[in-house]
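What follows is calculated from the coordinates using simple rules that are stated; it is not laboratory data. For clarity, every value in this text was computed on a predicted model and none was experimentally measured. Cβ placement follows ideal geometry from the backbone for every residue including glycine, while neighbour counts extend to all protein chains displayed.
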C-alpha cells in the first residue's frame, strides 16, 4: 500500500480550508493542533491534541475533513482515523512507557 506524509504547504492548506468551512469558533475549539500524520491508501491518519477533539472530529466531521483533504491532496480519501497526539495508528505498535523495576530504583545505583 502506498503511504505518504503531506507537505507543510498541504497541511497549511487543509487547515485554512477547515477554518473557512467550520468558522473560527469551531475550528479553534476542535482543530487547533490537528495534524495529518500520513495517508495510507485511501485512509487519512491524523492526530489531535485531546481525546475529546479526536472523537468529535472522527465521528461528527470526518466526511468534511476527508472531502477537504481529497481536494488538497488530489487523491481519494474514503476514511479518516483521528487519534490523540503521539499514539500509533497501527494497533500492534502502541507506544510503551518503560518502567524501571523496584530493585533498580532503590538499589542505590546511579544512572548515567
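Descriptive notes on the structure:
- Of the peptides 2-8, 61-67, the ranking by mean beta-carbon count within 10 Å, highest at the top, reads 61-67, 2-8.
- Segment 3-90: equivalent-ellipsoid semi-axes (sqrt of 5 x gyration tensor eigenvalues, Cα, Å): 17, 15, 12
- Here the label points at residue 50 and residue 16, each 7 Å from Cα along the C-beta direction, are separated by 2.8 nm in the simple model.
- Antiparallel bridges, percent of DSSP beta bridges restricted to segment 3-90 (to nearest 5): 55
- With R₀ fixed at 41 Å, the C-beta to C-beta distance from residue 28 to residue 2 puts the FRET efficiency at about 0.75.
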